[in-house]
Amino acid sequence: MNYLAHLYFSDPEPLAWSGSLMGDFVKGAVPAALPDELSRHVKLHRHIDHLTQTSELFQISCRRLDPRFRFARSVLVDVFYDHFLACRWDEYSDQPLADFSQDVYRGLQSCYPYLSPGLQQQLPRMIQYDWLTSYRKVETVQKVLQHLEERIQHKIPLAAGFSQLELWRAELETDSIAFMLEAQQVTTAWKQIH
């Protein structure tokens with residue numbers, strides 16, 4: 001659910017944004033019919049997901065959280081990191097987050113025929129509730145966790161995971177800053193060879 005981070009690391013154009021989000025919806029082989037740039041960013045999404053699974057910095061954040069959340073700790077950290085990215089956006093980009101978000105929404109709409117059915121279904125809500133900009137608000141983090149808890153097949157109390165943000169906020173935010181540096185280096189290197 002770290003949509004904002006995936007969008008931040010993608011190239012700033014509609015097909016790239018579309019691919020960076022479709023990585024959560026396209027399973028298995030990337031369809032050959034997709035435009036090259038969209039396909040490339042589905043693969044970049046997967047590369048970033050692999051980084052989060054293997055990064056020691058990311059794992060440090062996961063280990064901070066209560067063990068009762070088990071495998072869902074990585075989901076919680078993904079959501080928390082997007083919150084921190086939104087809060088600190090001005091340190092990462094010259095473009096205001098609200099403007100970036102509107103550019104992304106317009107770009108996704110322009111690529112609508114290429115979007116996976118799941119993303120097509122989600123896009124109107126994403127725009128209506130301005131998901132990307134709203135990640136700055138802790139209330140949004142609570143809502144996202146509640147929504148994920150309702151969707152998830154394994155009954156993990158994700159909504160209760162919000163307490164971990166309150167408990168570990170300073171440490172998690174410091175972790176996220178270090179992780180963003182690592183992810184920037186990894187994605188830049190990946191883009192140079194793909």
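Every number here is computed from the coordinates shown, using simple stated rules; none is lab data. What you see is a predicted model; the values in this text were computed from it and never measured. Virtual Cβ from ideal backbone geometry, glycine too; neighbours counted across all protein chains shown.
List the relative contact order of the chain as a percent without decimals, with contacts defined as Cα pairs under 8 Å and 6+ residues apart.
Working: 191 pairs, mean separation 54.0, N = 194.
Computed over the chain, the figure is 28 percent.
Could you tally the net charge around Thr188, taking each other residue with its Cβ under 14 Å from the Cβ of Thr188, Lys/Arg +1 and Asp/Glu -1? Walk me through the numbers before you get to the answer.
Details: positive: Lys191; negative: Asp11, Glu182.
Around Thr188, the charge tally is -1.
Quick one: longest stretch of the chain between exposed loop trypsin sites (Lys or Arg not before Pro), exposed meaning at most 16 other C-beta atoms within 10 Å and loop per DSSP?
Numbers: sites that count: Lys27, Arg88, Lys137, Lys155.
Between exposed loop sites, the widest span is 28-87.
Highest GNM mean-square fluctuation, the chain, Cα pairs closer than 10 Å: which of Val75, Val144, Val30?
Result: Val30 has the largest fluctuation of those listed.
Name the lysines eligible as straight-distance cross-link partners of Lys137: C-alpha to C-alpha under 26 Å, and not fewer than 8 places from it in the same chain.
Cα-Cα hits under 26 Å: Lys155.
Rank Gln109, Cys87, Leu76 by how far each Cα sits towards the positive end of the charge dipole of the stretch 60-111 (+1 on Lys, Arg Cβ; -1 on Asp, Glu Cβ) and give me just the farthest.
So the residue we want is Leu76.
Taking only the alpha-carbon atoms of the chain, what semi-axes of the equivalent ellipsoid follow from 5 times the gyration tensor eigenvalues under a square root, in whole Å, largest first? The partial results should precede the final answer.
Working: eigenvalues 127, 68, 60 Å².
Working from the Cα gyration tensor, I get semi-axes of 25, 18, 17 Å.
So if I place +1 on the C-beta of Lys and Arg and -1 on the C-beta of Asp and Glu, and nothing else carries charge, what would the dipole magnitude of the stretch 3-193 be about its Cα centre? I want it in debye, nearest 20. Don't skip to the answer; put the middle values down first.
Details: 19 positive and 24 negative charges, 145 e Å.
With Lys and Arg at +1 and Asp and Glu at -1, about 700 debye.
Go through Ala5, Leu172, Ile156 and say which Cα lies farthest out towards the positive end of the charge dipole of the chain; charges sit on Cβ, +1 for Lys and Arg, -1 for Asp and Glu.
Of Ala5, Leu172, Ile156, it is Ile156.
In percent, how large is the relative contact order of the stretch 109-194, given Cα pairs closer than 8 Å and 6 or more residues apart?
Values: 22 pairs, mean separation 11.5, N = 86.
Relative contact order for the stretch 109-194 comes out at 13 percent.
Tell me the net charge near Tyr105. Cut-off is 15 Å between Cβ atoms, Tyr105 excluded, with +1 for each Lys or Arg and -1 for each Asp or Glu.
Details: positive: Arg106, Arg125; negative: Glu13, Asp99, Asp103, Asp130.
Overall, the nearby charge balance is -2.
Tell me the mean residue ellipticity at 222 nm calculated for the chain from its helices only (DSSP H runs of n ≥ 4, each -39500 (n - 2.57), averaged over every residue, nearest 500).
Numbers: 11 runs with 139 residues, N = 194.
Dividing the helical sum by the residues of the chain leaves -22500 deg cm²/dmol.
Along each principal axis of its Cα atoms, how long is the stretch 1-59 end to end? Whole angstroms, biggest number first, please.
36, 25, 15
If we count every other residue with Cβ under 13 angstrom of Leu38's Cβ, Lys/Arg +1 and Asp/Glu -1, where does the sum land? Present the calculation step by step, with values, prior to reporting the outcome.
Numbers: positive: Arg40, Lys43; negative: Asp11, Glu13, Asp36, Glu37.
Net of charged neighbours comes to -2.
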